[in-house]
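Read-outs throughout are calculated quantities, based only on the coordinates presented, and are distinct from any laboratory measurement. Source: prediction; values computed, not measured. Cβ coordinates were reconstructed from backbone atoms using ideal geometry, including for glycine residues, and neighbour counts include every protein chain displayed.
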Amino acid sequence: MSEGRPIRLPRGTLPHLRRADAGLARVIDQVGRCRMRVGYAETHLASLVRAIVYQQLSGKAAATIYGRFRALYPEECFPSAQQIRGTHHATLRKCGLSRQKQAALRDLCKHVAEGRLPLHDVHEHDDEVLIERLTAVRGIGRWSAQMFLMFQLGRLDQWPVDDLGVRKGVALILGMDGELPDKRAMEAWGERCRPYRTVASWYLWRSLEIETPEI
């Protein structure tokens, strides 16, 4: 994994988000400039493989398994979908990959190899088309697809309404005192932040790390 690159924000992004909500404006003022980075993985396939490997595991355990998996392919470049599909299940099992995760990886690579999930031209497709194609893969839900769009592709208007951190951030801004907004409330609040909901999400995550004034 690389350190990624700073996300490129169109001029006027932060003024727009400040106008969208007074509470969000205060968070932005406290956090400062957006330091979100994108494009961490060496390839789009690597990003998706890593997402599957890391699901439902602690960071340390997942990193160990992913490191063993990556060591199977000593080439400098990340393995192709065909290479991964050709790896024997026993070899993958020795890395620590469960049967369920092996099935998800093989389904991912099958979709890529057969052209149902082309990764070479993702920038030519809009968000919902990509999410539909990604969620057709076993083991990739909408949240995982949105994280890929946000942190690998740098798409600016993703709104992960089911993300616990984002929900907690909205609850904090709304002063909900321990409660969390439901999906309808999340959708309504997010509408005001279009077309920069990814950036709003990043600030909401950061809001949980600071002392936010009473609103």
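Out of all Cα-Cα pairs in the chain, roughly what percent, to the nearest whole number, are more than 29 Å apart? Of all Cα-Cα pairs in the chain, 33 percent lie more than 29 Å apart.
Contact order, relative form, for the chain: 25 percent (alpha carbon pairs under 8 Å, 6 or more residues apart, mean separation divided by residue count).
Note on GLN100/ASP177: beta-carbon distance plugged into 1/(1 + (r/R0)^6) with R0 of 41 Å gives a FRET efficiency of 0.60. Close amide H partners of VAL38, meaning residues 5 or more places away or on another chain with modelled amide H under 5 Å apart, are ARG5, ILE7. The smallest convex shape that holds all Cα atoms of segment 86-144, its convex hull, gives 89 Å³ per residue. Mean sequence separation of contacting Cα pairs (under 8 Å, at least six apart), scaled by the length of segment 155-198, corresponds to a relative contact order of 58 percent.
Under 16 Å of direct C-alpha separation, and excluding same-chain neighbours fewer than eight residues apart, LYS183 reaches these aspartates and glutamates: ASP162, ASP163, GLU191. With R₀ set to 35 Å, the beta-carbon distance separating ASP29 from ARG142 gives a calculated FRET efficiency near 0.65.
What is the magnitude of the charge dipole of the chain about its Cα centre, with +1 placed on the Cβ of each Lys and Arg, -1 on the Cβ of each Asp and Glu, and no other charges, expressed in debye to the nearest 20? Numbers along the way, then the final one.
Working: 33 positive and 25 negative charges, 128 e Å.
In total the dipole reaches around 620 debye.
Kindly give the semi-axes, whole Å and largest first, of the ellipsoid equivalent to segment 1-96, taking each as the square root of 5 times a Cα gyration tensor eigenvalue.
On the way: eigenvalues 297, 46, 22 Å².
Largest first, segment 1-96 gives 39, 15, 10 Å.
Note on LYS110: lysines with a C-alpha under 27 Å away, same-chain residues under 8 apart excluded, are LYS94, LYS101. Defining a contact as two alpha carbons under 8 Å apart and six or more residues distant in sequence, what relative contact order in percent does segment 44-151 show? Averaging sequence separation for qualifying contacts and normalising by length gives 27 percent for segment 44-151.
For ALA71 and ARG19, what is the calculated FRET efficiency with R₀ set at 45 Å and r taken between the beta-carbons, to the nearest 0.05?
Numbers: r = 50 Å, r/R0 = 1.10.
According to the calculation, E is roughly 0.35.
With no solvent and one point on each alpha carbon, what is the Debye value of log10 I(q)/I(0) for segment 44-151 at q = 0.22 Å⁻¹? Values, matching the q order: -1.30. Projected label points at ALA61 and SER80, each 7 Å from Cα along the beta carbon direction, are separated by 3.4 nanometres. One Cα centroid belongs to segment 160-215, the other to segment 1-46; the line between them spans 15 Å. Calculated mean residue ellipticity at 222 nm for the chain: -16000 deg cm²/dmol, from DSSP H runs with n ≥ 4 weighted as -39500 (n - 2.57), summed, divided by the residue count and rounded to 500.
When +1 charges are put on Lys and Arg Cβ atoms and -1 charges on Asp and Glu Cβ atoms, the dipole computed for segment 44-151 relative to its Cα centre reaches about 860 debye.
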